[in-house]
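Trainee: My structure is below; once you've seen it, I'll send some questions.
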Amino acid sequence: MTKQEQQLTQIISYASAALANDKTGHDLAHLKRVASLVEKLHQECDFDLFIALSAAYLHDVIDDKLFANPATQLAKLKEFLVALDLDATQITAIEDIITHMSFAHSLEQEVNLSIEGQIVQDADWLDAIGAIGITRAIYFGGAHHEKIYDLTMKPRQNMSKEEYRNLDNETIINHFYEKLLLLKNKLNTSAARKLAAHRHQVMLDFLSEFKAEWDGQR
Ligand code: ADP
Ligand code: NI
């Protein structure tokens, strides 16, 4: 194994341990799917695969919706990366990606991600749409006691990060209109946009079938 392969193996173990108790759809399987989408995008785009894969595996270990104290999580992660002998430039590159790539963060400010950051964000957003995205939204919504659907609750628009994270009046179906259907047009790379087209259609088909059944038309 090369040094980078060994480092990546350790990074995967670290992420896996950090997210071992997750019951909201941010588990190791999510990280592996994001990593394999990064590899798929690498067939079409030129970027530093080691940095992108490292960030793909680490992007949720400092997340404020999963951890009460994200700053502590970040400090621990940086200590780990130093001990793993990543150099300062690599650590900064990874930190810059994982602290800026989330959808929630993108609601607050325009971000200028590195090419590796754009790729990891695209991969993460591809895993939030399509059949897997539908399943994750339902799983997350169930974990947070969201209603399934309520015609009197309209999807929210122009939310701040704080509003987005407030699930008091959220429904699973509204999440599609508040985030999932918007992702197609927010992707950074044309390679990701190509993969998103089919996944987006799967969600549209699902929503129209859902509404037809809800309304008693089927
Ligand atoms: P980010 O970390 O990029 O801000 P999110 O927290 O928005 O990402 O989403 C992570 C996963 O959780 C996604 O698959 C998303 O669809 C799901 N999710 C987030 N918020 C909700 C919600 N209000 N209802 C259902 N699923 C949600
Ligand atoms: Ni993710």
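The values are calculated or read from the model by the stated rules, or taken from the named source; none is laboratory data. If you're wondering where the values come from, they're calculated on a predicted model, not measured in any experiment. Please note: Cβ atoms are built from the backbone with ideal geometry, for glycine as well, and neighbour counts cover all protein chains shown. Areas reflect the complete protein model, heavy atoms only, side chains present, ligands, DNA and RNA absent. Shrake-Rupley method; radii C 1.70, N 1.55, O 1.52, S 1.80 Å.
Trainee: Please state which one of LEU49, LEU37, LEU31 is at pLDDT 95 or above, aliphatic (A, V, I, L, M) and away from ligand 1 (no atom under 16 Å from the Cβ). Walk me through it before giving the result.
Mentor: Details: LEU37 fails: away from ligand 1 (no atom under 16 Å from the Cβ); LEU31 fails: away from ligand 1 (no atom under 16 Å from the Cβ).
After applying the criteria, what remains is LEU49.
Residues checked against (1) open to solvent by less than 20 Å² (accessible area, probe 1.4 Å); (2) touching an Asp or Glu at 6+ places or on another chain (Cβ under 6 Å); (3) in contact (Cβ under 8 Å) with a residue 24 or more places away in the chain:
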residue: LEU8; (1), (2), (3): no, no, yes
residue: ALA15; (1), (2), (3): yes, no, yes
residue: LYS23; (1), (2), (3): no, no, yes
residue: ASP27; (1), (2), (3): no, no, no
residue: ASP60; (1), (2), (3): yes, no, yes
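Trainee: Quick check, is ILE119 in a helix (DSSP H, G or I) and more than 12 Å from ligand 1 (Cβ to nearest atom)?
Mentor: Yes, satisfied.
Trainee: Of the residues ALA83, ALA143, ALA93, ALA131, only one is over 18 Å from GLY25 (Cα atoms) and either among the basic types (Lys, Arg) or exposed (fewer than 15 other Cβ atoms within 10 Å of the Cβ) (or both); which?
Mentor: Numbers: ALA143 fails: over 18 Å from GLY25 (Cα atoms); ALA93 fails: either among the basic types (Lys, Arg) or exposed (fewer than 15 other Cβ atoms within 10 Å of the Cβ) (or both); ALA131 fails: over 18 Å from GLY25 (Cα atoms).
Residue meeting the stated conditions: ALA83.
Trainee: Do you know which residues across the stretch 11-35 are out of contact with any Lys or Arg (no Cβ under 9 Å at 6 or more places or on another chain) and among the β-branched types (Val, Ile, Thr)?
Mentor: Listed by number, the residues that qualify are ILE11, VAL34.
Trainee: Now a separate question. Taking the stretch 105-126 on its own, how many of its residues are within 14 Å of ligand 2 (Cβ to nearest atom) and buried (at least 20 other Cβ atoms within 10 Å of the Cβ)?
Mentor: Going through the stretch 105-126, the residues within 14 Å of ligand 2 (Cβ to nearest atom) turn out to be 105-106, 117, 119-126.
Now drop any that are not buried (at least 20 other Cβ atoms within 10 Å of the Cβ), which leaves 117, 119-126.
Count: 9.
Trainee: Consider LEU86 against the criteria (1) within 13 Å of ILE12 (Cβ to Cβ); (2) modelled with pLDDT of 95 or more: it satisfies all of them except one. Which criterion is unmet?
Mentor: (1)
Trainee: Taking the condition more than 16 Å from ligand 1 (Cβ to nearest atom) and over 22 Å from LYS3 (Cα atoms), does THR72 pass?
Mentor: On the way: more than 16 Å from ligand 1 (Cβ to nearest atom): yes; over 22 Å from LYS3 (Cα atoms): yes.
Considered against the rule, which asks whether it is more than 16 Å from ligand 1 (Cβ to nearest atom) and over 22 Å from LYS3 (Cα atoms), THR72 comes out as yes.
Trainee: Could you run through the stretch 123-166 and say how many residues are touching a residue at least 12 places away in the same chain (Cβ under 8 Å), part of a helix (DSSP H, G or I) and either touching a strand residue (DSSP E or B) at 6+ places or on another chain (Cβ under 8 Å) or away from ligand 1 (no atom under 11 Å from the Cβ) (or both)?
Mentor: Adding up the residues that qualify gives 3.
Trainee: Further question on the same structure: Scan (1) touching a residue at least 60 places away in the same chain (Cβ under 8 Å); (2) farther than 28 Å from THR135 by Cα; (3) within 16 Å of ligand 2 (Cβ to nearest atom) for the single condition ASP48 breaks and write down its number.
Mentor: Here ASP48 meets the rest and fails (3).
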